[in-house]
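Working notes for the structure below.
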Amino acid sequence: MILALDVGNTNTVVGGFEGSTLRFSLRMQSDRNKTVDEYVLLLRGLLAEKEVDLSGVEGGIISSVVPELRYVLGKAMERLTGKTFLVVSNRLDLGGIQIKMDIPGQVGADLLVDAAAALSLYQPPLVIFDMGTATTMSVLDREGSYIGGVIIPGLRLSMDALSGRAAQLPFINLEEPPERLIGKNTVDCMKAGAIYSNAAMLDGLVDRVEEELGEKVTVVATGGLMGVVLPFCKHEIHYDENLLLIGLLKLYERNS
(Lines give C-alpha, C1' and ligand atoms only; values in the text may rest on other atoms or scores of the structure.)
Protein backbone atom coordinates (compact mmCIF):
# COMPACT_ATOMS: atom_id res chain seq x y z
CA MET A 1 0.00 0.00 0.00
CA ILE A 2 1.05 3.59 -0.76
CA LEU A 3 -0.12 6.32 1.63
CA ALA A 4 -0.71 9.84 0.30
CA LEU A 5 -1.18 12.84 2.60
CA ASP A 6 -2.72 16.10 1.42
CA VAL A 7 -2.06 18.64 4.20
CA GLY A 8 -4.24 21.72 3.80
CA ASN A 9 -4.71 24.77 5.99
CA THR A 10 -7.97 23.44 7.45
CA ASN A 11 -7.96 19.67 6.95
CA THR A 12 -5.53 16.87 6.15
CA VAL A 13 -6.68 14.04 3.89
CA VAL A 14 -4.96 10.65 3.99
CA GLY A 15 -5.48 8.23 1.11
CA GLY A 16 -4.40 4.61 0.78
CA PHE A 17 -3.68 3.15 -2.67
CA GLU A 18 -3.29 -0.47 -3.65
CA GLY A 19 -1.98 -0.33 -7.19
CA SER A 20 -3.94 2.45 -8.86
CA THR A 21 -7.05 1.88 -6.73
CA LEU A 22 -7.88 4.26 -3.89
CA ARG A 23 -8.89 1.85 -1.13
CA PHE A 24 -9.77 4.47 1.48
CA SER A 25 -9.50 8.11 2.42
CA LEU A 26 -9.88 9.79 5.78
CA ARG A 27 -9.95 13.38 6.93
CA MET A 28 -8.60 15.03 10.08
CA GLN A 29 -8.07 18.59 11.24
CA SER A 30 -4.74 20.22 10.37
CA ASP A 31 -3.57 21.17 13.86
CA ARG A 32 -0.27 23.08 13.95
CA ASN A 33 -0.09 22.64 17.73
CA LYS A 34 0.02 18.84 17.75
CA THR A 35 3.37 17.14 18.33
CA VAL A 36 4.83 14.19 16.45
CA ASP A 37 3.81 11.92 19.34
CA GLU A 38 0.20 13.16 19.22
CA TYR A 39 -0.04 12.63 15.47
CA VAL A 40 1.43 9.14 15.80
CA LEU A 41 -1.31 8.26 18.30
CA LEU A 42 -4.06 9.86 16.21
CA LEU A 43 -3.00 8.35 12.89
CA ARG A 44 -2.44 4.89 14.35
CA GLY A 45 -6.05 4.87 15.53
CA LEU A 46 -7.50 6.28 12.30
CA LEU A 47 -5.54 3.86 10.11
CA ALA A 48 -6.48 0.94 12.36
CA GLU A 49 -10.15 1.82 11.77
CA LYS A 50 -9.47 1.44 8.04
CA GLU A 51 -7.78 -1.93 8.75
CA VAL A 52 -4.44 -0.74 7.39
CA ASP A 53 -1.50 -3.06 8.07
CA LEU A 54 1.29 -0.56 8.69
CA SER A 55 3.93 -3.22 8.09
CA GLY A 56 2.58 -3.57 4.55
CA VAL A 57 3.03 0.10 3.66
CA GLU A 58 5.56 0.32 0.83
CA GLY A 59 6.03 4.07 1.05
CA GLY A 60 4.25 7.37 0.89
CA ILE A 61 4.21 10.99 -0.18
CA ILE A 62 3.18 14.25 1.48
CA SER A 63 1.90 17.47 -0.06
CA SER A 64 1.68 20.27 2.49
CA VAL A 65 0.85 23.97 2.38
CA VAL A 66 1.59 24.17 6.12
CA PRO A 67 5.39 24.19 6.63
CA GLU A 68 5.25 23.14 10.29
CA LEU A 69 3.10 20.10 9.52
CA ARG A 70 5.26 19.04 6.57
CA TYR A 71 7.97 18.11 9.07
CA VAL A 72 5.74 16.89 11.92
CA LEU A 73 3.59 14.60 9.78
CA GLY A 74 6.62 13.35 7.87
CA LYS A 75 8.20 12.26 11.14
CA ALA A 76 4.94 10.75 12.40
CA MET A 77 4.55 8.64 9.25
CA GLU A 78 8.18 7.57 9.44
CA ARG A 79 7.62 6.35 12.99
CA LEU A 80 4.44 4.52 12.04
CA THR A 81 5.70 2.83 8.87
CA GLY A 82 9.49 2.84 9.07
CA LYS A 83 9.53 4.59 5.66
CA THR A 84 10.73 8.06 4.73
CA PHE A 85 7.92 9.77 2.82
CA LEU A 86 8.56 11.84 -0.29
CA VAL A 87 7.72 15.54 0.09
CA VAL A 88 6.29 17.43 -2.88
CA SER A 89 8.34 20.36 -4.16
CA ASN A 90 9.27 21.87 -7.50
CA ARG A 91 12.45 19.74 -7.39
CA LEU A 92 10.51 16.51 -8.00
CA ASP A 93 9.93 15.05 -11.46
CA LEU A 94 6.52 16.60 -12.15
CA GLY A 95 5.78 14.62 -15.28
CA GLY A 96 7.32 17.07 -17.69
CA ILE A 97 5.67 20.19 -16.23
CA GLN A 98 7.89 23.27 -16.54
CA ILE A 99 7.13 25.96 -13.98
CA LYS A 100 7.17 29.28 -15.81
CA MET A 101 6.74 31.49 -12.76
CA ASP A 102 8.81 34.39 -11.38
CA ILE A 103 9.75 32.34 -8.30
CA PRO A 104 9.08 28.62 -9.00
CA GLY A 105 9.79 27.65 -5.39
CA GLN A 106 6.80 29.70 -4.21
CA VAL A 107 4.23 27.65 -6.14
CA GLY A 108 2.18 25.72 -3.59
CA ALA A 109 2.67 21.98 -3.35
CA ASP A 110 -1.07 21.42 -3.75
CA LEU A 111 -1.08 23.37 -7.02
CA LEU A 112 1.77 21.28 -8.41
CA VAL A 113 0.02 18.04 -7.47
CA ASP A 114 -3.30 19.16 -8.99
CA ALA A 115 -1.46 20.13 -12.17
CA ALA A 116 0.35 16.78 -12.39
CA ALA A 117 -2.92 14.90 -11.89
CA ALA A 118 -4.88 16.95 -14.43
CA LEU A 119 -2.11 16.66 -17.03
CA SER A 120 -2.10 12.88 -16.65
CA LEU A 121 -5.84 12.76 -17.37
CA TYR A 122 -6.55 15.54 -19.90
CA GLN A 123 -4.96 17.31 -22.85
CA PRO A 124 -3.68 20.86 -22.25
CA PRO A 125 -4.26 23.76 -22.24
CA LEU A 126 -5.86 23.31 -18.85
CA VAL A 127 -7.54 25.40 -16.16
CA ILE A 128 -7.59 23.71 -12.74
CA PHE A 129 -9.74 24.95 -9.86
CA ASP A 130 -9.30 23.80 -6.26
CA MET A 131 -11.89 25.04 -3.76
CA GLY A 132 -10.46 24.77 -0.26
CA THR A 133 -9.61 27.34 2.41
CA ALA A 134 -8.58 29.39 -0.61
CA THR A 135 -9.98 28.94 -4.10
CA THR A 136 -7.09 28.58 -6.52
CA MET A 137 -6.90 28.54 -10.29
CA SER A 138 -3.88 27.10 -12.10
CA VAL A 139 -3.27 27.42 -15.83
CA LEU A 140 -1.24 25.04 -18.00
CA ASP A 141 -0.49 26.11 -21.59
CA ARG A 142 -0.71 23.84 -24.62
CA GLU A 143 2.80 22.49 -23.89
CA GLY A 144 1.74 21.54 -20.37
CA SER A 145 3.83 24.24 -18.71
CA TYR A 146 2.57 25.83 -15.49
CA ILE A 147 2.23 29.49 -16.48
CA GLY A 148 0.34 30.96 -13.50
CA GLY A 149 -3.05 31.37 -11.93
CA VAL A 150 -5.05 33.22 -9.28
CA ILE A 151 -5.66 32.86 -5.54
CA ILE A 152 -9.04 33.90 -4.12
CA PRO A 153 -10.48 33.86 -0.58
CA GLY A 154 -12.29 30.55 -0.22
CA LEU A 155 -16.07 30.24 -0.27
CA ARG A 156 -16.38 29.04 3.33
CA LEU A 157 -13.79 31.57 4.54
CA SER A 158 -15.58 34.45 2.80
CA MET A 159 -18.99 33.54 4.19
CA ASP A 160 -17.65 33.05 7.72
CA ALA A 161 -16.00 36.48 7.50
CA LEU A 162 -19.29 38.01 6.32
CA SER A 163 -21.27 36.40 9.14
CA GLY A 164 -18.62 37.34 11.68
CA ARG A 165 -18.54 41.02 10.68
CA ALA A 166 -22.26 41.59 9.99
CA ALA A 167 -24.24 41.45 13.22
CA GLN A 168 -27.56 40.43 11.67
CA LEU A 169 -26.23 37.78 9.29
CA PRO A 170 -26.11 34.18 10.61
CA PHE A 171 -23.57 31.46 9.91
CA ILE A 172 -25.02 29.21 7.20
CA ASN A 173 -24.66 25.65 5.91
CA LEU A 174 -23.21 25.86 2.40
CA GLU A 175 -23.58 22.14 1.74
CA GLU A 176 -27.31 22.69 1.10
CA PRO A 177 -27.60 24.41 -2.31
CA PRO A 178 -30.04 27.28 -2.90
CA GLU A 179 -33.36 26.51 -4.57
CA ARG A 180 -33.36 29.74 -6.62
CA LEU A 181 -31.22 32.76 -7.39
CA ILE A 182 -33.57 35.33 -5.90
CA GLY A 183 -33.84 34.49 -2.21
CA LYS A 184 -36.96 35.14 -0.14
CA ASN A 185 -35.32 35.25 3.29
CA THR A 186 -31.92 36.11 4.75
CA VAL A 187 -30.53 32.56 4.79
CA ASP A 188 -31.66 31.83 1.21
CA CYS A 189 -30.27 35.17 0.05
CA MET A 190 -26.90 34.35 1.61
CA LYS A 191 -26.81 30.83 0.14
CA ALA A 192 -27.76 32.10 -3.31
CA GLY A 193 -25.21 34.90 -3.09
CA ALA A 194 -22.45 32.50 -2.09
CA ILE A 195 -23.12 29.69 -4.58
CA TYR A 196 -24.25 31.65 -7.64
CA SER A 197 -21.51 34.26 -7.29
CA ASN A 198 -18.82 31.59 -7.06
CA ALA A 199 -20.24 29.72 -10.06
CA ALA A 200 -20.31 32.97 -12.05
CA MET A 201 -16.76 33.72 -10.93
CA LEU A 202 -15.46 30.36 -12.15
CA ASP A 203 -17.24 30.72 -15.49
CA GLY A 204 -15.95 34.28 -15.87
CA LEU A 205 -12.37 33.29 -15.08
CA VAL A 206 -12.47 30.53 -17.70
CA ASP A 207 -13.76 33.01 -20.29
CA ARG A 208 -10.97 35.45 -19.50
CA VAL A 209 -8.26 32.78 -19.56
CA GLU A 210 -9.45 31.68 -22.99
CA GLU A 211 -9.35 35.30 -24.15
CA GLU A 212 -5.81 35.73 -22.82
CA LEU A 213 -4.53 32.44 -24.29
CA GLY A 214 -6.46 32.83 -27.52
CA GLU A 215 -7.75 29.24 -27.43
CA LYS A 216 -10.20 26.96 -25.67
CA VAL A 217 -9.18 25.18 -22.47
CA THR A 218 -10.23 22.03 -20.64
CA VAL A 219 -11.47 22.80 -17.12
CA VAL A 220 -10.74 20.45 -14.21
CA ALA A 221 -11.83 20.99 -10.61
CA THR A 222 -11.53 19.54 -7.13
CA GLY A 223 -11.99 20.63 -3.53
CA GLY A 224 -14.54 20.21 -0.79
CA LEU A 225 -17.18 22.75 -1.88
CA MET A 226 -16.70 22.38 -5.63
CA GLY A 227 -19.36 19.68 -5.70
CA VAL A 228 -21.91 22.20 -4.41
CA VAL A 229 -20.96 24.97 -6.84
CA LEU A 230 -20.51 22.76 -9.92
CA PRO A 231 -24.22 22.32 -10.83
CA PHE A 232 -24.55 26.10 -11.14
CA CYS A 233 -21.60 26.56 -13.54
CA LYS A 234 -22.25 26.98 -17.27
CA HIS A 235 -18.89 25.70 -18.54
CA GLU A 236 -18.18 21.99 -18.80
CA ILE A 237 -16.03 21.17 -15.77
CA HIS A 238 -14.46 17.77 -15.06
CA TYR A 239 -14.82 17.33 -11.29
CA ASP A 240 -12.89 14.79 -9.21
CA GLU A 241 -12.94 15.09 -5.43
CA ASN A 242 -9.83 12.85 -5.26
CA LEU A 243 -7.80 14.71 -7.89
CA LEU A 244 -5.05 15.68 -5.46
CA LEU A 245 -4.69 12.16 -4.08
CA ILE A 246 -4.46 10.82 -7.64
CA GLY A 247 -1.75 13.39 -8.36
CA LEU A 248 0.18 12.34 -5.28
CA LEU A 249 0.17 8.72 -6.46
CA LYS A 250 1.40 9.79 -9.92
CA LEU A 251 4.25 11.78 -8.39
CA TYR A 252 5.16 8.93 -6.04
CA GLU A 253 5.37 6.51 -8.96
CA ARG A 254 7.63 8.92 -10.86
CA ASN A 255 9.94 9.76 -7.97
CA SER A 256 10.07 6.79 -5.60
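The values are calculated or read from the model by the stated rules, or taken from the named source; none is laboratory data. Quantities reported herein were computed from a predicted structural model and do not represent experimental measurements. Neighbour counts run over all protein chains shown; Cβ positions are idealised from the backbone, glycine included. Accessible surface areas use protein heavy atoms only, side chains included; no ligands, DNA or RNA. Shrake-Rupley method; radii C 1.70, N 1.55, O 1.52, S 1.80 Å.
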Problem - Breaking point among (1) at pLDDT 95 or above; (2) touching a Ser or Thr at 6+ places or on another chain (Cβ under 6 Å); (3) farther than 19 Å from ILE237 by Cβ, for SER145 - result: (2)
Handout entry: Residue in the range 148-174 that is most open to solvent (accessible area, probe 1.4 Å), counting only those that are assigned to a loop (DSSP other than H, G, I, E, B) and of a type in the set (A, V, I, L, M, F, W, C)
Key = PHE171
Exercise for the section: Go through the residues of the range 225-239 one by one and say whether even a single one is touching a Ser or Thr at 6+ places or on another chain (Cβ under 9 Å), among the charged types (D, E, K, R) and without any contact (Cβ under 8 Å) to a residue 40 or more places away in the chain. Expected result: yes
Exercise for the section: Mind counting the residues in the range 175-197 that are open to solvent by 50 Å² or more (accessible area, probe 1.4 Å) and either without any contact (Cβ under 8 Å) to a residue 24 or more places away in the chain or not aromatic (Phe, Trp, Tyr) (or both)? Expected result: 14
Practice task
Mind listing just one residue for me: the one in the range 198-246 that is more than 20 Å from ILE151 (Cβ to Cβ) and among the basic types (Lys, Arg) and, of those, most open to solvent (accessible area, probe 1.4 Å)?
Solution key: LYS234
Exercise for the section: With respect to ILE61, determine if the residue is open to solvent by 10 Å² or more (accessible area, probe 1.4 Å), under 22 Å from the mean Cα position of the chain (by Cα) and of a type in the set (A, V, I, L, M). Expected result: no
Fill in the blank from the handout: Only unsatisfied item for MET201, checking (1) closer than 22 Å to CYS233 by Cβ; (2) part of a loop (DSSP other than H, G, I, E, B); (3) not acidic (Asp, Glu), is (2)
Exercise for the section: Within the range 3-26, identify whether any single residue is under 24 Å from the mean Cα position of the chain (by Cα), without any contact (Cβ under 8 Å) to a residue 40 or more places away in the chain, more than 19 Å from ALA117 (Cα to Cα) and open to solvent by 80 Å² or more (accessible area, probe 1.4 Å), and answer yes or no. Expected result: no
Handout entry: Qualifying position, being open to solvent by less than 20 Å² (accessible area, probe 1.4 Å), within 20 Å of the chain's Cα centre (by Cα) and in contact (Cβ under 8 Å) with a residue 24 or more places away in the chain, among SER145, SER120
Key = SER145
Exercise for the section: Only residues that are part of a strand (DSSP E or B) and in contact with a helix residue (DSSP H, G or I) (Cβ under 6 Å, 6 or more places away or on another chain): list them for the range 217-256, please. Expected result: VAL219, VAL220, THR222, TYR239
Fill in the blank from the handout: The lone condition GLU38 fails out of (1) open to solvent by less than 70 Å² (accessible area, probe 1.4 Å); (2) without any contact (Cβ under 8 Å) to a residue 40 or more places away in the chain is (1)
Completion exercise
Selection over the range 66-109 where residues are assigned to a loop (DSSP other than H, G, I, E, B) and open to solvent by 50 Å² or more (accessible area, probe 1.4 Å) yields a count of 12
Exercise for the section: Among residues belonging to the range 123-142 that are under 17 Å from the mean Cα position of the chain (by Cα) and not in a strand (DSSP E or B), point out the one that is nearest to LYS250 (Cα to Cα). Expected result: GLY132
Handout entry: Pick from the range 185-210, criterion farther than 16 Å from LEU157 by Cα and of a type in the set (D, E, K, R), ranking: nearest to the chain's Cα centre (by Cα)
Key = ASP203
